[in-house]
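Data block below; observations after.
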Amino acid sequence: MPKNKCATILKSALVVTAVALGGCGGGEQSGGVAVEMRDDLTFAPAEITVAPGQEIRWRNDGEVPHDVVAEGIGSPLVRGGEEWSTEAPAAAGTLAYACSLHPGMRGRIVVE
């Protein structure tokens, strides 16, 4: 097979692979909901709506460590650059949560 034809076939295969993998990866595509833990002592968004059992990820992009505590939920200390995830409760309802290090730092999970 001529060298140019091999190169064309290889390029085509790479394009097809890239297109096929385009839908893979993290973020909302994985079905999870992300919450930021901020240095201004807030969760963003402060309220999220999720399905029963859906993944919730808390990410700390700041420098101040935080955690997540609620009935049935207890994260380890989440330092800057780290994240922690858990599944939403299986039953519908509203669950308040907070950071135990910063009691005014609160959020709500609405399970529908």
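None of the figures in this text is laboratory data; all of them are computed from the coordinates on show. The model shown is predicted, which means the values in this text are computed figures rather than measured ones. Here the Cβ is made from the backbone with ideal geometry for all residues, glycine too, and neighbour counts use every protein chain on show.
Annotations for the structure displayed:
- Applying a DSSP loop filter and a limit of 13 other Cβ atoms within 10 Å to the GluC sites (Glu not before Pro) in the range 31-99 leaves 63, 71.
- Given charges at beta-carbon only (K, R positive; D, E negative), |dipole| of the range 52-112 in Debye: 140
- Neighbourhood net charge (14 Å Cβ-Cβ; Lys/Arg +1, Asp/Glu -1) for residue 83: -1
- Net charge, residue 96 excluded, C-beta distance under 11 Å - Lys, Arg +1, Asp, Glu -1: 0
- For residue 61, net neighbour charge (Lys/Arg +1, Asp/Glu -1) across residues whose Cβ lies under 15 Å away: -2
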